[in-house]
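The values are calculated or read from the model by the stated rules, or taken from the named source; none is laboratory data. All values derive from a computational prediction rather than experimental measurement. Please note: Cβ atoms are built from the backbone with ideal geometry, for glycine as well, and neighbour counts cover all protein chains shown. Note: areas computed on protein heavy atoms with side chains; ligands, DNA, RNA excluded. Shrake-Rupley method; radii C 1.70, N 1.55, O 1.52, S 1.80 Å.
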Amino acid sequence: PAALGRALRGRAAGPGGRAVSTSWCPVGTAFDVKQQQQQQPLRGCGFSDGLFGVPELSCPEGFQEAQDKALRESEQLVQKACSTPPGPETVMIFDQLSDSLCRVADLADFVKVAHPDFAFREAAEEACRNIGTVVEKLNTDVDLCQSLRRLLADETVMSSLDPETRRVAELFMFDFEISGIHLDEEKRKKAVDLNVRILDLCNEFLIGTHLPNKIDKHVLPEHIRYNFTAEGNYLRIAGLHADCPDDLVREAAYKIFLHSNAQQLARLEELLASRNSLAQLVGYDTFAHRALQGTMAKNPETVRQFLEKLSEQLSKRTQKDFQMMTKMKMKLNPHNSMLMPWDHPYYSGVLRAERYNIDPGLYCPFFSLGACMEGLNSLFSQLLGISLYAEQTKRGEIWSEDVRKLAVVHETEGLLGYIYCDFFQRPDKPHQDCHFTVRGGRLKENGEYQLPVVVLMLSLPNSARGAPTLLSPGMMENLFHEMGHAMHSMLGRTRYQHVTGTRCPTDFAEVPSILMEYFANDYRVVNQFARHYKTGQPLPKNMVSRLCESKKVCAAADMQLQVFYAVLDQIYHGKHPLKKSTTEILKETQEKVYGLPYVPNTAWQLRFSHLVGYGAKYYSYLMSRAVASMVWKQCFAQNPFDRAMGERYRREMLAHGGGKEPMLMVQGMLQKSPSVEDFVDALVSDLDHDFETFIMDS
């Protein structure tokens, strides 16, 4: 922090000749010191600068104003698109249209889940629905499509366009096609209605995945009731209690939290049926075929092949992992040694801790939040020439006083964009780590670049006043993961916001974030920032080595569980009508692919929230991890601070956003086009132990 402070004080002008903002301060200090923030805005429009600096959003009612403004702008742009002769301007107008709607929809998408004020959340939810409905109608607007079709049909004009502009034009046409533009008017209306219904079902299902279940407290033995929240004569079960050492508590939580719910089951069945109806209406065999267009995998057949080959390679290792967990369970609980689904996360953790002595309490003092942020700052500076600075926010710009705003600054290009860090737990905030695009980057009509704005949301515990926030190794890794998404958003500086940053195929979008996990687990990187917050002592190398090796304990079983989720997702979005109920499919797939028995009267699929955002694409985590593994081993394992390799990574993989075919980006980085077998080999090789560490610890 001191070095960063000196750098700020010692420069009259910032990178690229821009004056350094006097409101910038060192990033580590901003997170380790509880600074006094500005007062929160008064309720009522006009009292503040508005959320994210959007003037209309100083009160919930402002969402209606912002929405109306975007819709007026979109109407003008539609008319302009329809009257403009074929040329590059057509693509620019389409992108402006996309941007005007996304600037409201993306922002509302975040506010509806994270704002502490219910009125804001409700207004944002309504705005999301209204903008979503307009988008679906535009995707079936024949006149608008015709203006784009004229461009694509003009070979002379198309050959004069640069590759990114051509791809964006084709992507806009693809959006029309998957929405049923080729259908007659009645069927187009049906497609719009189905899309709107799917949006509603997704929202309802997502809410249902997080709702707790209640049970009469007398049903449970008295000695375990204290583990659950009491509400009168009922106990509230809001999760799986996967880390609880009491087998009975985990069993009770699993059976109650995952108990089938008729209403949620009906939502899921209607959602899957509606997705299938939409896919078939617009000309696809299944929803999976529609969803996988343009991805790295390209089609469900490749995904199936990938998952089958991976499962085959994992089989023996997974059985060995289950045997180790069973032995541990017998040792700790001789009366009940059968391994059940609620045992896997707990006993794999016990094995890791026992074998490598990795009590999180030993690590937390070395991972203060400020130190971790300085570590990221140092890594980005060496690898990409980028620095992070905390910037003072204006009145009403943030939604909670502990949110921090970071300016992302390149050493020669200047300010690249902003990251809002919403890191701490609070009531009604979802317990999930994620990245939200609030505003996409694009080249504006006046030649200026519209700076990207994103939010990183974590669920870190609040520290005592005056003490730093201490992260567990898992929290630190998650921070690096989400910051990988943020850097993709900052450096995917495309001409068009339609393909900016993380607006790319899902099975590629996770590559930059998972790659950051490899950096987070490398001692050379960790050694630059991990210091005991009281003594300043560096984290010993053998502790980092043990932590990394511990993650390989039962890792095959963990990966097999991910394969099970991905296979289940593919079946649900495959051929319809489904041969069995979603619960019967779950039972059959769990026992065949995962290996641990199905528990009667449970319906885990009703808690599978990824079915909303990752429908037919859950495999993406595994395929992205395979690519990230290959990039790490080939490009960064030898030297994680290699600037030349960092620049190549930016140039080949980050800079294009979704403006280039994903496999071409991978090919550019690896200098080869990987096969399904290469993906599988990369994932399996990550499970092998480092014998140097093993022997040293032995």
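Here are some notes:
- For Val438, residues with placed amide H under 5 Å, excluding near neighbours: Val453, Val454, Val455
- Counting only protein heavy atoms and a 1.4 Å probe, the range 211-259 has 57 square angstrom of accessible area per residue.
- Set of lysines with alpha-carbon distance to Lys112 below 18 Å, sequence-local pairs under 8 removed: Lys429
- Chain lengthening between Asn233 and His689 when straightened (0.36 nm per residue, less Cα-Cα): 159.2 nm
- Dimensions (Å) - the range 148-226, Cα atoms, principal axes, largest first: 79, 34, 10
- Lysine pair number, Cα distance threshold 28 Å (strictly under), the range 522-598, separation 8 or more or different chains: 11
- Per-atom-type breakdown for the chain gives carbon and sulfur 52% of the accessible area (1.4 Å probe, protein chains only).
- Per-residue 3J(HN,Hα) values for the range 253-268, derived from phi via the Karplus relation 6.51 cos²θ - 1.76 cosθ + 1.60 with θ = phi - 60°, read 4, 4, 5, 7, 5, 9, 4, 4, 10, 4, 5, 5, 5, 5, 4, 4 Hz in sequence order (x marks Gly and Pro).
- For the range 401-412, Karplus couplings with θ = phi - 60° (6.51, -1.76, 1.60), whole Hz, Gly/Pro x: 5, 8, 6, 10, 10, 10, 8, 9, 10, 8, 5, 10
- Computed over the range 211-259, the quotient of the alpha carbon radius of gyration and 2.2 N^0.38 Å is 0.99.
- In summary, the aspartates and glutamates within cross-link reach of Lys80, defined as a Cα separation below 20 angstrom excluding same-chain residues under 8 places away, comprise Asp68, Glu89, Asp95, Asp99, Glu136, Asp141, Asp143, Asp154, Glu170, Asp175, Glu445.
- Local electrostatic count at Phe306 - Lys and Arg +1, Asp and Glu -1, tallied over other residues with Cβ under 15 Å: -4
- The label point for Asn462 and the one for His182, both projected 7 Å from the Cα toward the Cβ, are 5.6 nm apart.
- Nonlocal amide H pairs with Phe423, under 5 Å, H built at 1.01 Å: Arg404, Leu458
- Among [x] 49, 33, 31; [y] 38, 33, 27; [z] 55, 30, 19, the entry that matches semi-axes √(5λ) of the Cα gyration tensor in Å as calculated here: [y]
- Positive-end residue, the chain charge dipole about Cα centroid, Cβ charges, pick of Leu268, Phe564, Leu151: Phe564
- Near Gly417, the amide H atoms lying under 5 Å from its own belong to Val408; only residues 5 or more places off or on other chains count, and H is placed 1.01 Å from N.
- Solvent-accessible area of Glu411, all protein chains in place: 100 Å² (probe radius 1.4 Å, heavy atoms, ligands and nucleic acids excluded).
- For the listed peptides 487-494, 333-340, a ranking on the average number of other beta carbons within 10 Å per residue, highest first, reads 487-494, 333-340.
- Cα pair distances in the range 525-644, grouped into 5 Å bins until the bin that holds the longest one, percent each: 2, 9, 13, 16, 14, 11, 10, 9, 8, 5, 3, 1, 0
- Highest mean packing comes first when the peptides 280-286, 89-95, 398-404, 290-296 are listed by Cβ atoms within 10 Å, giving 89-95, 290-296, 398-404, 280-286.
- Total lysine pairs under 25 Å (Cα atoms) in the range 306-410, excluding pairs fewer than 8 apart on one chain: 7
- Mean separation of Cα contacts under 8 Å (6+ apart) over length of the chain, as relative contact order %: 17 percent
- Backbone HN-Hα couplings from phi across the range 128-141 [Karplus 6.51/-1.76/1.60, Hz, Gly and Pro as x]: 4, 5, 5, 5, x, 5, 4, 4, 5, 5, 5, 5, 10, 7
- Label-zone membership for the range 358-384, site Lys429, 7 angstrom Cα→C-beta point, backbone N under 17 Å: 369-370, 373
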